[in-house]
Amino acid sequence: ATRGDFRAQTYLGIMYERGLGVARDDAEAVRWYRKAADQGLAEAQTHLGFMYNNGRGVARDDSEALHWYRKAADQGNARAQTNLGLMYLKGECESPVQPCPIGRSDTLCRDVAPNPHAPGRGRVWSTD
């Protein structure tokens, strides 16, 4: 981890976050997650987003959480995509998706996010 291996940095962050073989230390976990996240590892970006979203080891900061979740989600990380969706659902950030019109009786499909590699992702379906 000290030599810059982003996977080792992420694992070390997990160890500090959960207290596995070391004393639990959320601030130290954030430090290691950030090192790996800055190198582009989606898993570390997701962990870092979680720490910001929950105020663990850092002050709670929804805009930072959103930043890191988006970076990971854009790489296809399912956990980040889920957490990002939950932030939108809870109103912790402004959603880029506009609500479907009320009163439509047919199926409405609208592109909302570009990701042609994930089945069903990037579309909002309404069947009211």
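Assorted remarks:
- The set of residues in region 16-29 being open to solvent by 70 Å² or more (accessible area, probe 1.4 Å) and not in a loop (DSSP other than H, G, I, E, B) consists of Arg18 alone.
- For region 33-87, the candidate set comprises residues that are among the β-branched types (Val, Ile, Thr) and part of a helix (DSSP H, G or I); within that set, the residue that is least open to solvent (accessible area, probe 1.4 Å) is Thr46.
The values are calculated or read from the model by the stated rules, or taken from the named source; none is laboratory data. Worth saying up front: this structure is predicted, and the values here are computed from it rather than measured. The area values use the complete protein model at the heavy-atom level, side chains included, leaving out ligands, DNA and RNA. Shrake-Rupley method; radii C 1.70, N 1.55, O 1.52, S 1.80 Å.
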